[in-house]
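Written out below as structure tokens is the structure these notes cover.
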Amino acid sequence: MSEVIERGLFKDKAFYRKLWRLMLPIALQSLMLSAVAACDAIMLGRVEQNSMAAVSLATQIQFVQNIIISSVTAAASILGAQYWGKGDKRTIGDIFNMSLRLNGAISLLFFLLCILIPDKLMMIFASDKALISIGADYLKIAGWSYLLTGITQSYLTTMKVTDHVPRTAWISSGAVVLNLILNGIFIFGLFGIPAMGARGAALATLISRIIEMLWAVISSYQKGFLHPDFKRFFKRDKALAKDFMHCALPLLGGGLFWGVGFTSYTAIIGHMGADAAAANSIAAVVRDLMCCLNVGVANAGGIMVGNELGAGKLECGKVYGERLAGLSVLIGLFSTLVVIAVTPLVVHFMILTDEARSLLSTMMIIMGVYMIGRCINTVVVNGVFGAGGDTLFDMYSLAVCMWGIAIPLALLGAFIWNWPVPLVYACTCLDEVGKLPWVYLHFKKYKWVKDLTRETEE
């Protein structure tokens, strides 16, 4: 044990072996998921600027859905990691069922919205009639895939916390590869199939999501995996439900603050013109790709810290959290350098108007600075704080930094003061950088060092 809790950023080899084993598949999974959006943008960008921009705006609907679903799966991951560290599989099964019930209802709601009122949803993000029409066509097809998302994510989350992270990476990566192949076929019209443009991207997404869900369900019935116990599917443990909601509700609040705020950023930039929307769409794809590494570290680190806390090893969990915080700074600096380095390649590869290309160049430089804050906050707030159930902090910090500062400045700059697009874009990046001092002070209070498990009957 003395070796495990030895302080120092790079001294514990066992820590880094376990972190690497967990982080690599999760980061790969995140990268592959982001690759879908990247390839949609690249492929559609090679066809038409409006199709690329419209699909990017339309997928903000799924972005909001994913925020809500993520609050449920994150709560399941927090409690599941601690109960797995404790060795209580039956309670993990009850958490799995709870996650399926909630995420199934959420997915059904978003499916109905996309099928019944796609044009009205698009009007939230764009005023250009061409963008609204293309985006609505996309949602009518892609909405069917949104019906499956919550169910699949519940299965994958349970696999992650029960030491089956590589399987989740295989499932997600396999679905993504299929999505990319089908994208090429349906968007460009290969092998005698008519070119479908944005509608083709939606159809590719739907087919890949069906395969992904089937693979996850079948995997759950293999030896060593957990599958839902349908005899206990509607059983409600009041104490466990209270613990779940105690984690999930602040995560939902923070997720909605962040998700709706991010969607607001997209809508604000989208209403500043088609060139601004196109440049922002590409910058968003680069941002999401660059965030894959810190998402992997945050998820893997959260599981590791949660395992130790759930096993009652609070001091070890504390040291693990300190190491992850130090790593987040290095990852942030690395991400900044990479973003700046790839800017010329990204700008010259896409087919854009001269105005959109100029806007994209400036946005990429601004995003490079933003990445430092984004990486630190993702690992520390979502990974370390979340592992110990300290989920309220994120909601408070977003309320102040995003909704109290960044969004009002962006709105005023765009629609009252008529600021140029890059300055408005810079306002949308203020929240992650602005809350860094607050995150540091809260980290040092160590309120996140908690064992959340209860004694349960087998």
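The values are calculated or read from the model by the stated rules, or taken from the named source; none is laboratory data. Predicted model, so just to flag it, every value in this text is computed and none were measured. Here Cβ is always computed from backbone atoms with ideal geometry, including for glycine, and neighbour counts include all displayed protein chains. The protein model used for the area step is the full one, side chains on, heavy atoms only, and it has no ligands, DNA or RNA in it. Shrake-Rupley method; radii C 1.70, N 1.55, O 1.52, S 1.80 Å.
Brief remarks follow.
- Any hit, segment 264-281, residues being modelled with pLDDT of 90 or more and among the aromatic types (Phe, Trp, Tyr): yes
- Residue match in segment 220-230 (condition: at pLDDT below 85 and under 28 Å from residue 389 (Cβ atoms)): yes
- All of (1) in a helix (DSSP H, G or I); (2) open to solvent by less than 60 Å² (accessible area, probe 1.4 Å) hold for residue 108 with one exception: (2).
- Which numbered condition residue 63 fails, given (1) modelled with pLDDT of 80 or more; (2) out of contact with any Leu (no Cβ under 9 Å at 6 or more places or on another chain): (1)
- Of all residues in segment 177-211, those that are touching a Ser or Thr at 6+ places or on another chain (Cβ under 7 Å) and part of a helix (DSSP H, G or I) total 7.
- Selection count where residues are touching a Ser or Thr at 6+ places or on another chain (Cβ under 8 Å) and not in a helix (DSSP H, G or I), scope segment 70-97: 1
- Qualifying position, being assigned to a helix (DSSP H, G or I), open to solvent by 20 Å² or more (accessible area, probe 1.4 Å), modelled with pLDDT of 90 or more and within 30 Å of residue 73 (Cβ to Cβ), among 330, 337: 330
- Selection within segment 137-174 - in contact with a Lys or Arg (Cβ under 8 Å, 6 or more places away or on another chain), within 20 Å of residue 61 (Cα to Cα) and surrounded by fewer than 23 Cβ atoms within 10 Å (Cβ to Cβ): 137, 141, 148, 149
- Subset tally (residues that are assigned to a helix (DSSP H, G or I) and either open to solvent by 10 Å² or more (accessible area, probe 1.4 Å) or in contact with an Asp or Glu (Cβ under 7 Å, 6 or more places away or on another chain) (or both)) for segment 304-326: 13
- Taken together, the residues in segment 368-396 that are touching a Lys or Arg at 6+ places or on another chain (Cβ under 6 Å) and either of a type in the set (Val, Ile, Thr) or buried (at least 24 other Cβ atoms within 10 Å of the Cβ) (or both) amount to 1.
Here is a yes/no grid of residues against (1) of a type outside the set (Asp, Glu); (2) under 30 Å from residue 132 (Cα atoms); (3) open to solvent by less than 60 Å² (accessible area, probe 1.4 Å):
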| site | (1), (2), (3) |
| --- | --- |
| 176 | yes, yes, yes |
| 194 | yes, yes, no |
| 199 | yes, yes, no |
| 205 | yes, yes, yes |
| 228 | yes, no, yes |
| 231 | yes, no, no |
| 236 | yes, no, no |
| 242 | yes, no, no |
